[in-house]
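Chemist: Below is one structure. I have some questions about it.
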Amino acid sequence: MIVPAYTFIGTAIAALDIDAKIIYADISLETYTIDIESVKNKITERTKVVIPVHLAGRPADMDAVREFAEENNLSILEDAAQAHGAEWRSRRVGAIGEAGAFSFQSSKNITAGEGGAITTDDDRLAYTAWSLRNVGRPRDGPWYEHRLYGWNYRITEWQAAILLAQLERAPKLMEKRDSSARYLDKLLMEIDGVEPLLSDPRISRHAHHLYIFRYDPAEFNGLKKELFIQAMREEGIPCNAGYRPLYSYNFLPSSSPLPNTEKAAYIQAVWIPQPVLLAEKEDLEDIIIAIEKIKKHSRKIKEECKSS
Ligand SMILES: *Cc1c(COP(=O)(O)O)cnc(C)c1O
């Protein structure tokens, strides 16, 4: 299975759990989603599945992924854990590949505390998924007639009710996050050294699970991302450094470093979690005020951290 190296650990664990071999893909620095070109020379005849991750609620380049999948006879499993309601060329994510996986874990845009959903238009896959999450039961068979080796992966009706209620207000919240993200894009473009990710007209709807921007330490007197983030937090801005490359965990398959994954993880990417996008305009402006303040004092911050 092809998995981007810049994703949540769960994407890889899902593959390893069924003893699939992982091929790490690098990401594009413009979008931080899968760069399918990066695995061109790495796949073999045994490669079966590609898992594009719609990171931050931004649909991966599904034109490129689909073309590559068709050429190489691969199935597409979309990791849409962060992308409820997002659309690529007016098609909802999770409905583009053979199957899609959504998460309702507590940080996600639609949540039941925990839980998730699988989408597919393939009856056979739907049946198997239903059965596997019901300890291998057949859909219409007797209760103890387990036909597959399965698990209890069910969510409760309580959780489903909570999710249904959220579906009603989800479009409004999506719009709010989108207009906040556009406003932040505009504000960031006025400061050298911080840059929004590329906007792509093929993304007809972005779910904005995260607001990610690129930080350039060179414009901040070489102040490392880690210290920039620490300073932002001290200014009261919720943000974090995001993922490490998956191959940096010693219990996951290793890889030689992938250049863009390394850059995103260790140098550039700053993540702001989605609840911030539900705040008012003045609160978003506080982010810019904090960045400008840190930039102005970047030399001093760097020196203070060196000496302490
Ligand atoms: C949250 C998340 C998952 C896993 O979801 P769980 O419901 O916590 O298992 C998988 N992939 C990505 C990209 C995620 O953000």
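The values are calculated or read from the model by the stated rules, or taken from the named source; none is laboratory data. Predicted, not measured: the structure shown is a model, and the values here were computed from it. Here the Cβ positions follow ideal geometry from the backbone for every residue, glycine too, while neighbour counts run over all protein chains shown. Each accessible area value is taken on the protein alone, full model and side chains, heavy atoms only, with ligands, DNA and RNA left out. Shrake-Rupley method; radii C 1.70, N 1.55, O 1.52, S 1.80 Å.
Chemist: Whole number in Å², please: accessible area per residue of segment 122-205, 1.4 Å probe, ligands, DNA and RNA not counted. Spell out each step's value before the answer.
Modeler: Numbers: 6090 Å² over 84 residues.
Value returned for segment 122-205: 73 Å² of accessible area per residue.
Chemist: Which whole number in µm²/s is D for segment 1-94 by Stokes-Einstein, with the Kirkwood Rh taken over Cα pairs at 25 °C and 0.890 mPa s?
Modeler: The Stokes-Einstein estimate is 186 µm²/s.
Chemist: To the nearest µm²/s, what D does Stokes-Einstein give for segment 63-199 at 37 °C and 0.692 mPa s, using the Kirkwood radius over alpha carbon pairs as Rh?
Modeler: In µm²/s, the coefficient is 186.
Chemist: Can I ask one more? As I understand it, the value is the acute angle between the Cα axis of helix 225-234 and the longest principal axis of the Cα atoms of the chain; what does it come to in degrees, rounded to 10?
Modeler: That helix lies at roughly 80 degrees to the long axis.
Chemist: Any idea what log10 I(q)/I(0) is at q = 0.12, 0.17, 0.22, 0.24 Å⁻¹ for segment 48-134, Debye with uniform C-alpha scatterers and no solvent?
Modeler: For the requested q values the scattering log ratios are -0.35, -0.70, -1.08, -1.20.
Chemist: Report, in whole Å, the centroid distance computed from the Cα atoms of segment 161-192 and segment 14-74.
Modeler: If we compute the Cα centre of each part, the gap is 27 Å.
Chemist: What ratio of Cα Rg to 2.2 N^0.38 Å holds for the chain?
Modeler: Rounded to two decimals, the normalised Rg is 1.07.
Chemist: Still on this model: Let's see if you can work this out: charge +1 on each Lys and Arg Cβ, -1 on each Asp and Glu Cβ, no other charges. What is the dipole magnitude of the chain about its Cα centre, in debye to the nearest 20?
Modeler: Charge dipole, the chain, about its Cα centre: 460 debye, nearest 20.
Chemist: Of all the accessible heavy-atom surface of segment 27-150, with the other protein chains kept in place and a 1.4 Å probe, what percent is carbon and sulfur?
Modeler: Carbon plus sulfur share of accessible area: 48 percent.
Chemist: Once phi is turned into θ = phi - 60°, what whole-Hz ³J(HN,Hα) does the Karplus curve with 6.51, -1.76 and 1.60 give for every residue of segment 123-137, x standing for Gly and Pro?
Modeler: After applying 6.51 cos²θ - 1.76 cosθ + 1.60, I find 4, 5, 5, 4, 5, 5, 4, 4, 5, 4, 7, 10, 6, x, 6 Hz.
Chemist: Then there is this: Could you order Phe213, Phe102 so the one with the most accessible surface comes first? Probe is 1.4 Å.
Modeler: Details: Phe213 0, Phe102 30 Å².
Largest to smallest exposure gives the sequence Phe102, Phe213.
Chemist: Report the local net charge at Asp63: Lys and Arg +1, Asp and Glu -1, summed over other residues whose C-beta lies under 12 Å from its C-beta.
Modeler: Counting the neighbours of Asp63, the net charge comes to 0.
Chemist: For helix 157-188, what angle does its Cα long axis make with the longest principal axis of the chain, in degrees from 0 to 90 and rounded to 10?
Modeler: Once rounded, the angle reads 30 degrees.
Chemist: Let me ask something else about it. Please give every one of the lysines within straight-line cross-link reach of Lys306, meaning a C-alpha to C-alpha distance under 26 Å, and leave out same-chain neighbours fewer than 8 residues apart.
Modeler: Lys224, Lys225, Lys263, Lys293, Lys295, Lys296
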